[in-house]
Amino acid sequence: MKIGTPKESFEGEARVAMTPESARLLRKLGYECAIQAGAGRAAGFPDAAYKAAGVEVIRSAAALWKASDVIAKVRPPSDLEAKRLHKGQLLISFFYPGQNEALLELCKSRSASVIAMDMVPRISRAQKMDALSSMANIAGYRAVIEAAENFGRFFTGQVTAAGKVPPATVLVVGAGVAGLAAIGTATSLGAITLAFDVRPEVAEQIESLGAEFVYLDFEDQQQDGAATGGYAAPSSPEFRAKQLEKFRELAPDVDIVITTALIPGRDAPKLWTRDMVKAMKPGSVIVDLAAERGGNCDLTVPDEKIVTDNDVTIVGYTDFPSRMATQSSMLYANNIRHMIEDLTPGKDGRIVQNMEDDVIRSATVTHDGKITFPPPPLKVQAIAAQKPKPQSRELTVEEVRAAEVAEFRKATRQQVGMLVIGGLLMLLIGMYAPASFMQHLIVFALSVFIGFQVIWNVSHALHTPLMAITNAISGIIILGAILQIGSGNWLVVILAAISVLIASINVVGGFLVTRRMLAMFQRS
């Protein structure tokens with residue numbers, strides 16, 4: 001079977017659904033690959049690179065659609081492209097079936113199968129095919145870069161001979177894939193990053209990226225993201241009122257706002273109102289990643305960048321992934337390739353559309369002349385962040401002191417008990433053992449006791465380097481064992497040789513581990 005990728009017909013779209021690298025991997029699955037001439041040029045992949053990868057370059061779109069068994073593209077097909085579909089052909093692309101009912105009917109009438117990459121469920125097994133997350137990751141990164149281009153200052157704070165430069169304060173609204181990418185990028189650039197999400201369980205993820213989670217004084221529990229396909233659930237009016245109140249409080253202090261709140265198939269919620277924009281400092285920047293669905297900001301104009309009367313720049317571009325076409329194409333082509341790999345269980349270049357498979361069934365919107373959207377509920381629940389562990393109550397000074405005294409008493413009882421038992425045991429053995437044996441036994445017992453006390457009080461983080469050095473020092477065992485090898489008793493010689501071997505392993509291993517531990521603190 002032949003997989004064909006046409007040039008994107010949507011104006012300004014620079015991405016391509018097949019790269020030379022993904023084509024090589026598809027050919028290993030047994031497929032022939034074809035691409036329309038010039039389809040990858042805007043993404044940095046010339047026709048010559050495709051030819052070198054064994055891909056057939058076809059001049060016209062019509063010829064490519066006719067010759068291909070599988071069509072892989074980025075944007076949903078236009079009406080003209082949908083009419084080029086023929087019976088038994090498979091189309092894999094973004095499709096948004098909930099917003100494109102007429103297009104869905106048209107594809108059904110052509111008896112073609114359609115797999116919508118935007119319908120891939122958010123379950124663990126499908127992560128490699130999750131094109132929405134791939135593109136959201138790029139959009140979040142690019143949003144920070146666009147903000148930096150339009151912001152008149154550094155992100156990071158600096159102290160220079162010319163004066164002190166304060167760091168920028170960035171607020172990211174929404175901590176999905178795009179939001180987390182924006183948080184990571186803004187933090188890495190040195191900005192003070194604040195982040196908000198209606199799901200309090202993502203606070204741990206936000207803080208792990210070096211940002212501060214913005215909490216609301218609101219007691220009602222929000223719905224788990226797993227119940228809504230891994231996305232945030234719509235908020236109650238009471239929660240929304242508290243949310244807007246918090247944003248109004250933050251507006252005068254933040255320099256950059258990046259909004260990412262969007263649930264597929266719904267209009268974007270209005271989270272940054274006109275009065276909040278007015279309260280922001282001159283020179284501030286708002287980047288609205290939800291502009292395609294109306295925007296999270298009241299003043300957002302889709303596909304445009306505007307400057308308000310109080311000199312706040314609002315970026316409403318809807319093509320952030322396309323503005324990084326090379327990277328976007330590489331990730332999206334990998335998502336397509338993984339999807340086709342799942343559709344090819346025999347690795348024989350033949351598509352098998354198993355409608356019993358959760359991922360394939362969820363993503364398939366038309367098949368065998370029927371509309372299969374919406375899909376049935378998943379057997380496996382969608383991925384959602386873990387709920388935070390309940391925080392323990394902070395103890396008072398008196399409670400801490402009482403706990404320390406109780407711990408001390410417990411440790412004292414244990415140590416005194418061990419000493420008493422050990423003393424009684426020594427007395428019992430001394431009644432029957434010779435004096436020379438008792439001398440060695442007492443030295444050994446005291447050594448074990450002191451060593452135990454020393455090791456027990458060492459922090460867990462230092463156990464590895466401590467034991468490594470101890471092993472290295474214990475090479476003294478080798479000397480004792482070598483002296484015994486000259487013994488006339490064959491059993492002593494064998495035991496001495498084994499001791500030399502084991503002690504040598506300890507010495508070498510100890511030094512190797514110590515060296516690795518030290519290397520962790522050295523600049524490479």
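Screening the stretch 273-297 for residues that are on the phi > 0 side of the Ramachandran plot and free of Cβ contacts under 8 Å to residues at least 60 places away in the same chain and picking the one that is nearest to the chain's Cα centre (by Cα) gives 295.
The residue that is farthest from the chain's Cα centre (by Cα), counting only those in the stretch 486-519 that are at pLDDT 80 or above and among the hydroxyl-bearing types (Ser, Thr, Tyr), is 499.
Taken as a whole, the structure leaves residue 277 outside the set of residues that are of a type in the set (Val, Ile, Thr), touching a Leu at 6+ places or on another chain (Cβ under 9 Å), part of a loop (DSSP other than H, G, I, E, B) and under 24 Å from residue 183 (Cβ atoms). For the stretch 349-371, the tally of residues that are touching a strand residue (DSSP E or B) at 6+ places or on another chain (Cβ under 7 Å), surrounded by 20 or more Cβ atoms within 10 Å (Cβ to Cβ) and among the polar types (S, T, N, Q) stands at 2.
Can you name every residue in the stretch 282-322 that is of a type in the set (A, V, I, L, M, F, W, C) and assigned to a helix (DSSP H, G or I)?
Within the stretch 282-322, the first condition is being of a type in the set (A, V, I, L, M, F, W, C), and the residues that meet it are 285-287, 289-291, 297, 299, 301, 306-307, 312, 314-315, 320.
Once the filter is applied, which keeps residues that are of a type in the set (A, V, I, L, M, F, W, C) and assigned to a helix (DSSP H, G or I), the stretch 282-322 yields only 291.
Applying the set (1) closer than 23 Å to residue 90 by Cβ; (2) in contact with a strand residue (DSSP E or B) (Cβ under 7 Å, 6 or more places away or on another chain) to residue 147 leaves exactly one unmet item: (1). When each of 522, 453 is tested for being out of contact with any Ser or Thr (no Cβ under 6 Å at 6 or more places or on another chain), surrounded by fewer than 11 Cβ atoms within 10 Å (Cβ to Cβ), closer than 25 Å to residue 418 by Cα and at pLDDT below 75, the lone residue that passes is 453. Restricted to the stretch 97-130, and to residues there that are part of a helix (DSSP H, G or I) and within 20 Å of residue 325 (Cβ to Cβ), the residue that is modelled with the highest pLDDT is 117. Here 53, 14, 61, 39 are screened, and the one residue that is crowded, with 24+ Cβ neighbours inside 10 Å and in contact (Cβ under 8 Å) with a residue 24 or more places away in the chain is 39. Out of curiosity, is residue 300 in contact with an Asp or Glu (Cβ under 6 Å, 6 or more places away or on another chain) and without any contact (Cβ under 8 Å) to a residue 24 or more places away in the chain? Yes: the conditions hold for residue 300.
Note on the stretch 323-348: among residues that are in contact with a Leu (Cβ under 7 Å, 6 or more places away or on another chain) and part of a helix (DSSP H, G or I), the one that is surrounded by the fewest Cβ atoms within 10 Å (Cβ to Cβ) is 341.
Within the stretch 131-174, the residues that satisfy the criterion of being buried (at least 23 other Cβ atoms within 10 Å of the Cβ) and either modelled with pLDDT under 95 or not in a helix (DSSP H, G or I) (or both) are 155, 168, 170, 171, 172, 173, 174.
Here is the figure for the stretch 64-89: residues that are in contact with a Ser or Thr (Cβ under 9 Å, 6 or more places away or on another chain), surrounded by 14 or more Cβ atoms within 10 Å (Cβ to Cβ) and under 21 Å from residue 40 (Cβ atoms) total 10.
Looking at the stretch 189-204, which of the residues that are of a type in the set (A, V, I, L, M) and assigned to a strand (DSSP E or B) is surrounded by the most Cβ atoms within 10 Å (Cβ to Cβ)? Reasoning before the result, please.
Residues of the stretch 189-204 of a type in the set (A, V, I, L, M): 189, 191-192, 194-195, 198, 202-203.
Next, from what is left, pick out any that are assigned to a strand (DSSP E or B): 192, 194-195.
Details: 192: 21, 194: 21, 195: 28.
Across the stretch 189-204, the extreme among qualifying residues is 195.
So which residues in the stretch 419-445 are in contact with a helix residue (DSSP H, G or I) (Cβ under 8 Å, 6 or more places away or on another chain) and among the hydrophobic types (A, V, I, L, M, F, W, C), if there are any at all?
Within the stretch 419-445, the first condition is being in contact with a helix residue (DSSP H, G or I) (Cβ under 8 Å, 6 or more places away or on another chain), and the residues that meet it are 422, 426, 429-430, 433, 438, 441-442, 445.
Passing the criteria: 426, 429, 433, 438, 441, 442, 445.
Beta carbons closer than 8 Å, at least 6 apart along the sequence or on distinct chains, pair a first residue in the stretch 499-524 that is β-branched (Val, Ile, Thr) with a second that is outside any helix (DSSP H, G or I) and modelled with pLDDT under 80 for 507/474; 507/475. Looking only at residues in the stretch 17-33 that are crowded, with 21+ Cβ neighbours inside 10 Å and aliphatic (A, V, I, L, M), the one that is farthest from residue 55 (Cα to Cα) is 17.
Inspect all residues belonging to the stretch 208-219 and state whether any of them is in contact (Cβ under 8 Å) with a residue 60 or more places away in the chain and under 28 Å from residue 328 (Cβ atoms). Within the stretch 208-219, not a single residue is in contact (Cβ under 8 Å) with a residue 60 or more places away in the chain and under 28 Å from residue 328 (Cβ atoms).
Can you find a residue in the stretch 52-70 that is closer than 24 Å to residue 373 by Cβ, more than 31 Å from the chain's Cα centre (by Cα) and in a helix (DSSP H, G or I)? Within the stretch 52-70, one or more residues are closer than 24 Å to residue 373 by Cβ, more than 31 Å from the chain's Cα centre (by Cα) and in a helix (DSSP H, G or I).
The values are calculated or read from the model by the stated rules, or taken from the named source; none is laboratory data. All values reported here derive from a predicted model rather than from experimental measurement. Backbone-built Cβ (ideal geometry, glycine too); neighbour counts: all protein chains shown.
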